[in-house]
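Below: one structure, written as structure tokens.
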Amino acid sequence: LADLWWIFSKPVPADGRELWTLFLQCSCITVVIEGLFYNWMFASLEYSWHLSIAMAVSLSLLLLLTLLLVHPARCVFSMIMPTLGTKQGRKLLFSTCIMIAVVNITPNIVSNLKTILQVIQCICKNSSDSLLNSTALLGKVFWEFGDEIQKNAIPIYVPMNGHFRFSLHHNSSLIYQKMHLAGEKISRDFLSIEVLVKDSIQVANRLAAGFFMLYLCFESTWYLKNYLTNLRFDNFYITKKLERLAEDRKAAHLLVGSSKKLIRPTGLKLSWEEAVLCLVKAMLVTVALLLLLLLVAMDHFAFSVADTVVRKAAQFSAVPITINVKYKVSAWLGTFINQIFWPSLELPLVNFDRTYDHQVTFSSARCSISRPSPPSPSVLLALGLLFCILYSTVLLETYTQRLCRQIAASFFPGCEERRVLYLYGKLAGRHGKE
């Protein structure tokens, strides 16, 4: 591995064997990057498969030529990998989390809201149907009441037409059509909102992902530029070269006295500034996690409400309606002779007393109600794993920056020698003043 890294970090291969080894290394790297880039564009950013393949192949060919011919580009590419563990990598992971939430959680919430609207539409349709049937029952009541008058009344008191005509002008098909159109309009509105939100966030996520990738390359290039041009930049490490230089000049006490300000690049010790910075970054990740948990809670709440509404609607009992008709008609003989001989003669004409029952129903098996969609455990698991990686990058960011310095030092050993001499001179001058 040390020999392979030495060949990869050399400016120019020494012979044909090193050139062939470098070509194989760059080819393996480009194949891996091509597969990851295609999967990222097709699965995460949701580009078409042919566009993803074309972009991945073009990027891999360009990357292969760049790595083979440009020595600083190999250094920048090597620093990009650990830089993924810094804030730029976290931004890419945040972008992935947002895309997973938009593609999976938001449509599930909208689907459960549609289920609730379907239940409301079903209840309105069945209750209106039952009420319309109750008006038909009233017509039956009045018709039977007229029949009773025709049958039981004394002929001289029977009206010319004993039937009471009850009519209600309604068109049930028109009502159903209006309700169906209203339901379709609500569904279209929900679908348009869902598509608009999904497309907007998808475009924003694609733009953000492209910007983060370009900024990731820019950040690695910026680090290499500062490393090569500024001797003070990121130069506070006790490296092996610095230790050997201090031992050769019999000044090992300089490193011991400055141990509080200098750290070892391979150690686990964090300075006070690095620890505070890690804490601040962890708080920012926690804020993003809380916002995502709010969206997950909305998903669970929408499913709970939809499931409760569907179960309660199926348990709705019919509301009984009772119509009781009591009608009594009698005639009193009120002439002078009748008052003398039969002072309290009453002639019964009609005595009608009947009860009619009807039920108003709110639900029916004919209603097409989709089942509520529960939250996907796999989506929650994926988001949980991504946030675990995010929290780990907060702690590893300091160590990845140290790794970037070691990578730059291995690619440019001459510059590393100048930086070590500068740091040693700075320590020696400070010790002389003290």
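Observations on the model:
- Label-point gap, in nm, between Phe301 and Ser27 - each point 7 angstrom along Cα→Cβ: 5.8 nm
- For Arg264, the residues whose modelled amide H falls within less than 5 Å of its own, excluding neighbours fewer than 5 places apart on the same chain, are Ile238.
- Under 12 Å from the Cα of Lys198 - aspartates and glutamates, other chains or at least 8 residues apart: Glu46
- One decimal place: the segment Leu386-Asn226 gains 54.4 nm when fully extended, by the rule 0.36 nm per residue minus the C-alpha distance.
- Restricting region 1-50 to GluC sites (Glu not before Pro) that sit in a DSSP loop and have at most 16 other Cβ atoms within 10 Å of their own Cβ leaves Glu46.
- Taking 19 Å as the limit for the C-alpha separation, the pairs Lys240/Lys426; Lys269/Lys426; Lys241/Lys426 exceed it in the case of Lys269/Lys426.
- Remark: for residue pairs Lys91/Lys225; Lys178/Lys312; Lys91/Lys185; Lys140/Lys185, the C-alpha separation exceeds 32 Å in Lys91/Lys185; Lys140/Lys185.
No lab work stands behind these numbers, since they all come straight from the coordinates. It should be emphasised that the depicted structure is a prediction, and the values quoted were computed from it without experimental measurement. For neighbour counting, all protein chains shown are included, and Cβ atoms are generated from backbone atoms with ideal geometry for every residue, glycine included.
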